[in-house]
Amino acid sequence: MKKTYKIEVDCANCANLMEEATRKTAGVASATVNFMTQKMIVEFEDGQDPKSVMKDVLKACKKVEPDCEIEF
Amino acid sequence: MQDIIIDILLAIVVLTAAGLLLFIGRREGGMTKKQRKMMVRIFISAAILLALQFAPAKLFDQLDRYLFPTAGRWIRFACYLIDYFIIGYDILRKALQGIRNGRVFDENFLMAVATIGAMALAIYENGEYLEAIAVMLFYQIGEWFQSYAVGKSRRNISNLMDIRPDYANIERDGKLEQVDPDEVETGSVIVVQPGEKVPIDGVIIEGSSSLNTSALTGESLPREAKAGDEVISGCISMTGVLKIQTTKEFGESTVSKILDLVENASSRKSRSEDFISKFAKVYTPAVCCSALALAILPPLVRMLFMGLSANWSVWIYRALTFLVISCPCALVISIPLSFFAGIGGASQQGVLVKGSNFLELLSKTKVVVFDKTGTLTQGVFEVDGIHHNEMEDAKLIEYAALAESASSHPISKSLQRAYGKEPDRSRVSDIQEISGNGVIAKVDGVEVAAGNDKLMKHLGVSYIECHSAGTIIHVAVDGAYAGHIVISDIVKPHSKDAIASLRSSGIEKTVMLTGDAKKVADQVAVSLGIDEVYSELLPADKVEKVEELLRVKSEKAKLAFVGDGINDAPVLSRADIGIAMGAMGSDAAIEAADIVLMDDDPLKISKAIRISRKCLRIVYQNIVFALAVKFACLALGAIGIANMYLAIFADVGVMVLAVLNAIRCLFVKKL
């Protein structure tokens with residue numbers, strides 16, 4: 001399942017780091033962070049609940065970039 | 001001297017910050033909350049710093065008399081420390097968090113170490129605290145500018161591409177109601193008022209208007225539309241009120257599909273972008289290590305081998321300067337911004353690029369392979385010529401059209417179109433269709449035979465062979481030969497220019513593939529100036545041909561295939577870059593393509609290539625420029641010529657210039 005989330009991040013390098021952190025989160029099959037459109041596209045592994053996975057994703061992202069926001 | 005410059009700079013910062021806060025900060029959408037807060041911090045800390053500049057160390061030393069010895073020294077330090085925290089607390093916090101989370105080498109860490117180091121040196125010498133704070137201040141100003149400029153251009157570019165309709169008008173009980181386009185069912189009637197966007201694809205049932213399609217196609221001439229015409233979403237109705245019966249759901253409409261393509265476009269990263277993110281990962285730790293080496297090795301060498309004093313503070317200062325230079329921001333920010341601006345500029349010209357990697361590939365294209373029908377030609381058959389006729393052209397067409405009026409064959413349709421009027425069937429009688437040959441009918445009581453050479457032979461009429469390529473309709477009236485009509489696929493008006501302009505922009509080879517007959521294909525190729533032609537190909541043969549062409553070309557040169565039909569989809573995905581003609585063309589082709597030309601104009605291909613080259617040129621400029629300045633500063637810093645001020649100005653300056661350069665990608669109209 002693929003979902004798109006609105007994000008808030010204000011440096012391009014941080015967006016790259018967020019992308020990496022998201023990819024490493026359990027339950028995420030693949031992820032792309034688009035700095036320019038301020039969007040994050042996350043593909044979840046089968047049978048995962050997006051809501052709970054996104055909580056972990058947000059936690060992981062906050063670690064690399066404390067200023068970021070993800071709307072979900 | 002340096003002090004005076006710094007004072008002036010600080011004064012400028014204070015005034016500018018106040019001005020920005022007053023004028024832009026208040027405006028709606030001028031600054032985000034974060035940016036406003038940062039600006040306030042910049043203002044306060046610059047003001048305090050400026051005030052402290054007029055309170056030299058001696059002034060504080062006088063405090064010793066009233067309190068305790070060295071009190072003045074510590075109070076002075078405290079004042080600067082407060083200012084330091086005002087401007088830099090978030091950097092310090094982020095640096096700490098970074099260390100705790102196991103990510104040591106980021107720019108926050110670098111700035112924290114550099115400025116804390118400079119502060120420590122200043123305590124030790126009771127000297128210049130100014131430098132550490134000024135560096136932090138200018139770093140923050142740079143960050144602020146980056147966030148502001150990038151945010152602003154990001155919004156501008158997004159607005160350019162924003163064709164999303166916000167609502168659809170539905171008439172209920174005589175009143176117009178605005179609803180979410182997603183909720184409109186297929187077949188319902190929507191109303192589009194002048195100045196509004198058509199939200200959903202459909203057919204006009206009432207009203208007429210001129211439609212501005214520039215957001216979709218880059219074409220600035222408005223298109224007239226009247227009842228019965230199909231309209232696609234994303235056009236703007238300019239003059240009249242339209243009632244449109246929708247034929248698709250919003251999600252299936254042109255505008256949604258295009259938005260989907262555009263929004264996902266910059267997710268696919270180009271090689272330059274990948275290079276930069278990998279580079280940033282190696283670069284920062286490498287510079288940190290060299291800074292450490294610079295702080296430790298030279299003093300040790302001086303002490304142990306040269307018998308000189310170690311000069312620790314000099315070398316530590318140089319190492320700290322190193323750290324300031326090492327932020328990779330300029331690169332990391334400007335490259336994606338360049339691509340994004342390039343994609344935005346291209347989409348404004350009616351060229352949709354699905355990802356920055358394709359923009360990069362496109363700039364390396366050397367071979368362009370075309371499909372013929374629908375790409376270089378219009379794909380509709382039209383009367384191209386009338387030869388050897390005794391009677392007037394119009395009369396001959398009239399006879400042929402009337403004789404063929406009962407048929408629905410594409411050929412007879414093109415005859416009807418050339419005739420231009422609704423054929424009066426009552427004038428036609430005794431129609432005989434001779435399958436595969438043509439038609440014999442009585443028109444106004446005269447026997448008219450229209451068909452191919454076999455029909456003429458069958459009737460025993462001597463006919464004249466035609467040298468033109470295309471389908472030939474011989475016409476005999478009353479048993480006598482009356483001439484023939486050539487029907488062919490008309491070449492698009494810009495096709496010839498398109499090939500010429502491709503050549504002038506450095507394309508080495510143009511190839512045309514077609515399922516059409518050799519004679520037709522050769523003629524089109526010669527008239528357009530195409531290098532190679534392969535005709536009478538089945539769809540599968542096209543894939544094979546493209547694979548063959550891919551094999552013979554050199555590794556670096558890329559091959560682009562341009563096509564439009566459903567059967568082109570496999571070739572589009574096989575080529576290095578697939579370019580689909582017309583967003584209104586077949587869905588399969590658009591899906592498989594990497595670049596979509598919104599109108600069917602082949603001239604846009606060379607334009608797209610030039611846009612991509614400009615974009616890539618700017619990307620390389622930025623990479624080279626940023627790296628050159630950084631390495632120059634590193635070298636100067638290591639030998640002690642560049643101080644920390646120079647380092648921070650180099651860092652911020654390069655970033656500002658790189659961002660401004662990146663925005664140039666947006667201006668592609670004249671290419």
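Quick note: the coordinates plus some simple rules give every number you see, no bench work behind them. Everything numeric in this text was worked out from a predicted model, so none of it was measured. As a convention, Cβ positions derive from the backbone with ideal geometry for all residues, glycine included, and neighbour counts pool all protein chains shown.
Couple of notes before you dig in:
- 10 Å-binned pair-distance histogram of the stretch B:557-631 (Cα, whole percent): 21, 38, 21, 13, 6, 0
- From the alpha carbon centroid of the stretch B:525-575 to that of the stretch B:588-652 is 31 Å.
- The ellipsoid that matches the Cα gyration tensor of the stretch A:2-71 has semi-axes, each √(5λ) in whole angstrom, of 18, 12, 10, with the longest given first.
- Measuring between alpha carbons in the structure, the pairs from A:Lys6/B:Lys257; B:Lys226/B:Lys372; B:Lys152/B:Lys630; A:Lys3/A:Lys24; B:Lys553/B:Lys607; B:Lys395/B:Lys442 lying more than 21 angstrom apart are B:Lys226/B:Lys372; B:Lys152/B:Lys630; B:Lys553/B:Lys607.
- Summary of the geometry: the stretch B:25-62 and the stretch B:85-146, compared by the centres of their Cα atoms, lie 16 Å apart.
- Fraction of antiparallel bridges per DSSP, chain B only, in percent to nearest 5: 75
- Convex hull (Cα only) mean projected area of the protein assembly as shown, reported in nm² to one decimal: 44.8
- Other protein chain C-beta atoms within 10 Å of residue C-beta, averaged over A:58-67: 3.
- Between 0 and 90°, nearest 10: helix B:393-403 axis offset from chain B longest Cα axis: 80
- Over the stretch B:168-257, the Kirkwood radius and the radius of gyration, each from Cα atoms, give a ratio Rg/Rh of 0.94.
- The share of alpha-carbon pairs in chain B lying farther apart than 31 Å comes to 67%.
- Cα shape, the stretch B:87-127, gyration tensor, a/c 1.5 rule: prolate
- Whether the stretch B:379-491 is rounded, prolate or oblate, judged on the alpha carbon gyration tensor where a/c under 1.5 counts as rounded: rounded
- With each label modelled as a point 7 angstrom along the Cα→C-beta vector, the B:Leu660-B:Ile75 pair spans 4.5 nm.
- Three semi-axes of the equivalent ellipsoid, the stretch B:66-136, Cα gyration tensor, whole Å, largest first: 27, 11, 10
- The ratio of the alpha-carbon radius of gyration of the stretch B:319-375 to the globular-protein estimate 2.2 N^0.38 Å is 1.78.
- Take each peptide in B:193-201, B:109-117, count the other Cβ atoms within 10 Å of every residue, and average; sorted highest first, the result is B:109-117, B:193-201.
- Averaged over B:331-342, number of beta-carbon atoms from partner chains that fall within 10 Å: 3
- For the protein assembly as shown, with +1 on Lys and Arg beta carbons and -1 on Asp and Glu, the positive-most of B:Ile611, B:Leu92, A:Gly47 along the dipole: B:Leu92
- Whether the stretch B:539-671 is rounded, prolate or oblate, judged on the alpha carbon gyration tensor where a/c under 1.5 counts as rounded: prolate
- Helix-only mean residue ellipticity at 222 nm for chain B, each DSSP H run of n ≥ 4 adding -39500 (n - 2.57), per residue, nearest 500: -17500 deg cm²/dmol
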